[in-house]
Every structure is written in C-alpha cells, then in structure tokens.
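The values are calculated or read from the model by the stated rules, or taken from the named source; none is laboratory data. Just so it is clear, the model here is predicted, and its values are computed rather than measured. Quick reminder, even Gly has a Cβ in these numbers, built from the backbone with ideal geometry, and neighbours come from all protein chains shown. What goes into the accessible areas is simple: the full protein's heavy atoms, side chains included, and nothing from ligands, DNA or RNA. Shrake-Rupley method; radii C 1.70, N 1.55, O 1.52, S 1.80 Å.
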Amino acid sequence: MPITAFFRWLPRRVALLLGLLLLPVASAIAQVPQPAQPGKALPSPDQAKQMLQGQPALVEQLRQKISQSGLTPDQVRSRLRALGYPEDLLDQYLQGSDSTALARPSGGTLDAVRALGILSPQEADSLGLSDSLFAQSDSVRHLLDSLRMVHLDSLRADSLSDSLERIRPTGLRIFGLTTFRKLSNQFDVPENGPVDENYQLGPGDVVVLIMTGDVERADMLEVTREGFVVIPQVGSIYVANQTMGQLEDQLYSRLGRVYSGVRRSPNARTKFQLSIARVRNIQVFVAGDVVRPGSYQVSAAGTVLNALYAAGGPTTNGSFRRLEVRRGGKLVDSVDVYEYLTKGMNPTGARLQSGDVVFVPVHGAFAKVVGKVNRPAIYELLPDETLRDAVAFAGGFDPTAVHARITINRVVPAAARAPGSPTRVVVAVGSDQFTDGMAPALPMAAGDSVTVQSIEDRLRGFVTVRGNVWVEGQVGFTPGMKLSDAIRLAGGPKRDLYLGRILVTRVSDDSSMTQLRSAFADSTGAVTDDLVLQDQDEIRTWSRATFRSQLWVAVVGAVRKPGRVPFREGMTLRDAVLLADGVTPDAWLKEAEIARLDSNPAPGALATTLRVPLDSTYLFGRAPGDRYAGPPGLPAPASGAPETQLQPYDNVMIMRQAGWDLQRSVAITGQVKFPGRYSLKSKTDRLTDLLERAGGLTDQAYPDGVQFYRRYTAGRPTRGDPLSAVDSGVAIPIRGGQDTVTRSAPERVDIDLARVLKDPKFHDNILLVGGDSLNIPEFDPVVFVNGFVNSPGPVAFEPGRNLDWYVDRAGGYGVSGDDDHTYVTQPNGERAGVKRRTILADRVPHPAPGAIIYVPRKLVQPQNNLGAVLGTVAQVLGILTTIIVVATR
C-alpha cells in the first residue's frame, strides 16, 4: 500500500503515535556501527603458542625478516605484550637464540608474525612456500632447481640482442637456433655402440677379443688407468692412444707368439676379431656463448656436436660458423656447424679428448634472406662468403622467384661512410649479373637484408572462350592464333548456336578495352571474319535459347508436387500431372480447371478458364485391368479422357473432393473406463461423445482437474495428424500423418468438465478436432506453491482458504517475491491473479485441490541492507507525522 494512502486511511492521532514510536528506532538504527570489512583475525595467545610447537623451523629466514624490520628485541616483546601475546613468544627467532632447538613455524605462525607488521603478505607467502619445499628430498629439490635453470636458460637463449632485433622481422628466426634446444639424451653416443678403426683407445674402454679356429675363446679386455690390457696366456699390451687398426697389427705379433695358427692369411687356422664392448666417457668443457656453459661428460666416440647438444647449442650471440676446439691451450680444430645443418655432414674429423675445451665465440656478420626462397631466415656469413652462398643457405630459389632480380638493403659499413653520405643504401642486382639462373658472387656486408622478388601474379599467354562452346575457359595463346583456332580448342560450338555475332574483347597496353566482332558462317564453327587474336583476348558466343523466354505451366491443387514445370511443345494435361508426380488420394477425377492467358484480353481481364475432363486413368500407379478400389466418389476406369493440349503459362487446377478427409483421432487417458485413441466419427463430435465412447468416468476421477490440450498453428487448430496418449498432461506428437502444416507445442484449454457432465449444452462441451488430447486425473488434495517464496512445495488443501493463506503456509513471500502479480492455475486450467486495492478489500482467488500457485519475481530488487531499509522507513514516517501534526494545528 502506498504511504500516502496509508495515512489517508489511518486516523491522524494513530499516525502521530506511530511516528513518535518509530523516531527512536530510526535514531538507534542510524547509530548502529557498520560491520568491519571481512578479514583474518589475530590469533589468540594460546593459538600462537600452539603454532610454535612441533615443526622444524626455517630459523634463519625468519630471523632475517625480523632483523630487517628494524625492531630491537625489547621493542618486539613490547609490541607482543600490547597485542595481548606472551612477550617471549618470538624469543626463539631473535638474534642470539639457539637454533638447534627451534621448531619450524607453521602457516599459522607466519600469519601471527604478519599480523604484528613484521612480514608483508607476499613475504609470508614466500616463507610458506619455502616451508613446504623444506620437507622435500634433496633429489626432488635438485630436480626442481634443474628444471628452473633450464627454463631460465631457454628464455635467455631465445631472447635476441638489440642489434638483432633491428634486422629481424617478426617470425624470422636465426638459422639453426632451435636445433640444439632439445632437452633429450637421444643425441648421446651409446656406450656399446660401434666405432671406426680410427677410434683411439684409452682408460675405461672395454675391448672384446674373439678367437676362432684352433682356439675358441672370447675375452673382455678393459683398458687400465695405465693404458694396458691383459690378455690371458699372452700378457699385458699397451694400447693407450692406439687406434683399433694399430691394436690389430700389434695383436698379430703378440698372439702369433702363443698361438701358431694366428697369421695374416686367408688360410690361417686361428682368426681373431676386435670390437668395443663399452666406450669410456671423457670430461670436456663447453664455454662461450652457449645456453648452458660448463663441464660435461660425453662419450669418447662423440664429436663436437655431442658436446654442443649437451650444452643447449649457441645463444643468439653465439657463432655457428667458427666453433673452436682447444687442447692444452692450443687450437686443434675449427668447426662450421652449417656443414651439419645444410649438408648433414659431420663438420670435424678430430676426436674429442678428456680436458678439451669447445669454445663458441661471438657470431660474425648476420644477413637475413627473405622473399621467394625455400628457407627464409637470418644467416651468419663468413668474411669471404657472397650473395650466392647466402641464397644457397636459404635453400635456393622458390619456383615463383624471379631469377633475375634481387634487392639488398645495406647498412653502409662505418669505414666506408663519408661525412654527409647516406648510412643506408639499396643495392639492386639485375638480370645481367645472373649466371645460369644463379645469384652472382657479390660480397656481403654485416646487417644486409636480401629480398628475392616474386614473379608477376598476372597470368599471361592465354585467351578466354565463353558462352555456347563445349569447354569454356582459358586456352593457350600462340602468336598468330586466329578466332577459329581458339573456338576449336574450346571444343567447338554447340548445336543451338546463335550465328549472328561473336564478340571479342581486347585489353590494350593502357588497360583500356576495345570491342571487336565477327559472326558464324554456319553451325560447324566457321566464322565470317577470322580475326587474329592477341594475348588475353576474351571471346563470347551465345546460344539461341539464351534469347527465348523461360516457358512454364503451373500445376496446383490435389497433386503430390505442386508448382511450375517447364513447358514443352506438344505438352498435354496428362504430361503436366505426371511431372507433378501424380494426383493425391483426395483428387476429384471428373474435371480440372485450366486458367489460360487470353490472346485478345479485354481491358482489366487477366485470364480465361476452361473445364477439361478427367477420369481414373490419371491414377498412374494402378496397373491396367485392376479393379478400381480408390476413395468413394471417384468414377470407375473408362476408355480414357481425351488429351488436352496445354499452352505456355497455363495454370492447371486439380480440384479436391468436397468433404473428403482422412480419419482424425483424439486421445483420452486417466480415469476413464476405456482410455486410448479414438477416431472421430464426424466433424461435429463433442467432448461428451468422446467420454461416452470411453465408457465414462471411473469412481476415482476428478473432473475439476481435467487437462485438455489442443495444438494451434497460425492462430487456428491443426488437422489430420493425431496425438499420442497424454502422460501427466503432456501431449506427444505422432509422426507420419498427412497434415503438412508446421505444428506448434500443445496449448492447454480450461474446461469446466463437471458442469459439462451435468449440462451437455454448456458451452465448454466443445467440438473436437484431430490432435486433441484429454486426461482425467485422480483427486489431488494438495495445492502446490512455487516461485519466489521462502519454502516452495505442496500444501495440504483446506476448504475456504485463499491464495495468501497457502503462500503463508509455504513460508511467506520471499524478499524478491512479487505479491501484487501472484496468480493461481486451477486444476482445470483456469488462471486467476490477485488484485491489490488501496481502499477496498483485495481480490484474492481461492485455489481448488490440485491447483498451482506461482509467485513471480519483482522487477526491481529491494536493497540487501535491512538496517538501511528500516532506517529509511522510520525517517519517512517521522517526516510525515511532523507534517500531519503541523497541519492539524
């Protein structure tokens, strides 16, 4: 009720008394302190003591944080005492305490220290993380540290220096940079892998000696630290730094002294064979601009590439072209990794030895190669390498590249810059500098950007033939080609050729167009003026049918596929009906109507109509001689109706039989004696007729709860396709009916069945249509309360109670419930809403058993702060009472 109406209704003295009573309430509400922001409360002293017991400590970290706070031990104790904590709570974390007897601070301990202002939330979280890691094993922490370092190394390796960023476009990478980034051991040499005859033996290698012939034996010979192997019955042999070939020569001599059958001869009685069973590991050092410099153990059979893979490869500042292998302070080899990356060749033949240093210096001159090459990237060039080498590194020219034009954007070297001269220039490489389609050997400079140009996208060397030819499209052009040649290459003209004209469109050098024309001499493709064509000419021919109107006849009414069909000379009515897939079962096969254009129409006339005979021979699906068994009202087969010739644009109407229709069915379920699906006898069947055929209601039936459903489409009920049985008032459609009208969901119609049973002439005894469904439920002595109420659900029915009473039984209206728009759906489908009035009594409906009450949600939500609402109401009431008191004086 509005406040103004409320005060008009109450006597003034009652209003004054109410206002005086609510003024203290408003003042008290205004003085109520607002709750503090939610947060974490300080732990009590007992809780703080429990936090400090029973766990190992991160003493030094906590001590460091306390010392960095700038508080002396006395100041810490004073603050603890002021906050209600024991002053010795943190003594064990102060400087000078014994760390061996300390306990680890738990998460609660860190919260208490943070509450004192010593730790920030971020620092407490950091200590908490360290606390959780403290309980992990050393191996797990070592693994985590390794993964973190690998991640940092990868970030550092993939970042480019400022100088490279200036020459590297987006998406262009340094060639070979990602090759060595694989965190894998698949590039390690297997310990039992094969070695070549140049492999030098050393301490830790295991050699297998196999003897066959007069002596059958196999010995595992490990090279000792002193470099010897001991062969049973032969003795020790010094093998350090010897190759496998040298060891084989020495064994012929030593074994021959003991075994007479050992000799260098194909006919030797005793033969031996050497192989490596285990390859030793050596310690090498990788230094310079690599991702992970350090000391690595690699196989003695490995090369520089194995060490480079172990170290993650060069960084963006490292060189791929001048890797150095140093041994004892001397340079023993220089490696060019491009030999491996571009040709798949091992770039060095020198074996690594223990103590070798693989050094990766800073890169040399970089140049980027972009455009139409197979591998655009940034490449490192040696001082003597040229443009030809750069293009070769990039995989050569793409098939769409111009082999006669390359553009180089160059930063002029500092030594070549003169005062006032440009610092950046463009070097154009012309066609006269190419040899056999290869780039010239021009010197390159640091920072060069090479762009290989693409061939022109515009297609040349063709003419286009369109229109009435067998193969439309482009055909190859050759100098001197004539119009007849192009038409012949397009398959020649079709038979319905229009001879009158051929159009040739020509594009000039300035892109202007010129129109040329010719004509066909006959239908064979001979032309009257055989024009000489030029490149990219377009030829257009036509068919005679192009200039004809599209003729048709329309077939509508009782046919299976109504619509337009193409008109053909000599077409009859029977032909048109055949093209419409024949007639439907309800077709009236006595005559049809044809609407035809009048040859001499009078002003305002559109068409003339004529009736033509039909007969049962238009039922094309029936075999000749069969007894006609079609729908009633159709004539028996006759000799055949005469053929009726059609004309263009005729509109054929196959009429339907009057009153013919398929069966219409309705469904009845629930508390009737014979539930099921019933076909209507006539179009005048009513609700009582259906109940009578179903045997009437049972003793458990509840007529007031009847559920009647009807399907509606475009504002009217559908017809034909029946419905299935109704389950709890929901109708289920049945597929496969004859009705082609798009259907909607079934709608419930309120019916007063109890009154219909008493008075069959009552207007609710409605006519039935196909698809109707009826469900008679049992008596349901409850009322359902749904929506925005405090406790939605069923409430037992009580006679004489209204809607508000049932809502109160369901806990009352919710905060969001709209009591002004609450409504009830009675068990028979009738709906009624409440009506609140200012002066007169409210109109509140009385639900019947089985009714459903729904409380909707308010459109404007009330405030969540109850105190603010009450305060506002009290202030408004106080102001209004003051106005009333003043007005009464």
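The table that follows gives values for the structure above.
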| item | result |
| --- | --- |
| In region 832-861, the residues that are more than 53 Å from the chain's Cα centre (by Cα) and either assigned to a strand (DSSP E or B) or among the hydroxyl-bearing types (Ser, Thr, Tyr) (or both) | Thr838, Arg843 |
| Whichever residue in region 426-456 is free of Cβ contacts under 8 Å to residues at least 40 places away in the same chain and surrounded by 14 or more Cβ atoms within 10 Å (Cβ to Cβ) and, among such residues, is nearest to Lys368 (Cα to Cα) | Val427 |
| Candidate set from region 838-858 (those that are open to solvent by 80 Å² or more (accessible area, probe 1.4 Å) and free of Cβ contacts under 8 Å to residues at least 12 places away in the same chain); member that is farthest from Ile776 (Cα to Cα) | Leu840 |
| When residues of region 565-579 are limited to those that are among the hydrophobic types (A, V, I, L, M, F, W, C) and touching a residue at least 60 places away in the same chain (Cβ under 8 Å), the one nearest to Arg656 (Cα to Cα) | Val577 |
| In region 504-553, residue farthest from Gly563 (Cα to Cα) [restricted to those that are open to solvent by 40 Å² or more (accessible area, probe 1.4 Å) and in contact with a Gly (Cβ under 9 Å, 6 or more places away or on another chain)] | Val532 |
| Members of region 592-611 that are of a type outside the set (S, T, N, Q), open to solvent by 50 Å² or more (accessible area, probe 1.4 Å) and closer than 19 Å to Pro642 by Cα | Glu593, Leu610, Arg611 |
| Any hit, region 257-279, residues being on the phi > 0 side of the Ramachandran plot and not in a strand (DSSP E or B) | no |
| Subset tally (residues that are part of a loop (DSSP other than H, G, I, E, B), of a type in the set (S, T, N, Q) and open to solvent by 40 Å² or more (accessible area, probe 1.4 Å)) for region 639-666 | 3 |
| Pick from region 797-821, criterion open to solvent by less than 70 Å² (accessible area, probe 1.4 Å) and hydrophobic (A, V, I, L, M, F, W, C), ranking: nearest to Leu753 (Cα to Cα) | Phe797 |
| Index of the failed condition, Val463 passing every other in (1) more than 30 Å from Leu533 (Cα to Cα); (2) at pLDDT 85 or above | (1) |
| Top-ranked residue in region 569-585 [being open to solvent by less than 70 Å² (accessible area, probe 1.4 Å) and of a type in the set (A, V, I, L, M, F, W, C); ranked as nearest to Arg548 (Cα to Cα)] | Met571 |
| Output for region 219-259, where each listed residue is out of contact with any strand residue (DSSP E or B) (no Cβ under 8 Å at 6 or more places or on another chain), open to solvent by less than 100 Å² (accessible area, probe 1.4 Å) and farther than 23 Å from Ser299 by Cα | Val234, Gly235, Asp249, Ser253, Val258 |
| Conditions (1) assigned to a loop (DSSP other than H, G, I, E, B); (2) touching a strand residue (DSSP E or B) at 6+ places or on another chain (Cβ under 7 Å); (3) at pLDDT 90 or above; number of the one not met by Gly829 | (3) |
| Long-range neighbours under 6 Å by Cβ, at least six apart or interchain, first residue within 22 Å of Gly288 (Cβ to Cβ) and acidic (Asp, Glu) within region 358-385, second open to solvent by less than 40 Å² (accessible area, probe 1.4 Å) and in a strand (DSSP E or B) | Glu380/Phe366 |
| Subset of region 284-297 (residues that are in contact with a Gly (Cβ under 8 Å, 6 or more places away or on another chain), within 12 Å of Ala310 (Cβ to Cβ) and assigned to a strand (DSSP E or B)) | Val284, Phe285, Val286, Val290 |
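Conditions tested, residue by residue: (1) modelled with pLDDT under 90; (2) closer than 30 Å to Phe366 by Cβ; (3) in a loop (DSSP other than H, G, I, E, B); (4) among the hydroxyl-bearing types (Ser, Thr, Tyr).
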{"residue": "Leu177", "(1), (2), (3), (4)": "yes, yes, yes, no"}
{"residue": "Arg181", "(1), (2), (3), (4)": "yes, yes, yes, no"}
{"residue": "Asp188", "(1), (2), (3), (4)": "yes, no, yes, no"}
{"residue": "Gly193", "(1), (2), (3), (4)": "yes, no, yes, no"}
{"residue": "Asn198", "(1), (2), (3), (4)": "yes, no, yes, no"}
{"residue": "Gly204", "(1), (2), (3), (4)": "yes, no, yes, no"}
{"residue": "Thr212", "(1), (2), (3), (4)": "no, no, no, yes"}
{"residue": "Arg225", "(1), (2), (3), (4)": "yes, no, yes, no"}
{"residue": "Val230", "(1), (2), (3), (4)": "no, no, no, no"}
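Let's see how each residue does on (1) modelled with pLDDT of 90 or more; (2) out of contact with any Asp or Glu (no Cβ under 7 Å at 6 or more places or on another chain); (3) open to solvent by 50 Å² or more (accessible area, probe 1.4 Å):
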position: Arg280; (1), (2), (3): no, no, no
position: Val290; (1), (2), (3): yes, yes, no
position: Val298; (1), (2), (3): no, yes, no
position: Gly312; (1), (2), (3): no, no, no
position: Val325; (1), (2), (3): yes, no, no
position: Asp356; (1), (2), (3): yes, yes, no
position: Lys368; (1), (2), (3): yes, yes, no
position: Val373; (1), (2), (3): yes, no, no
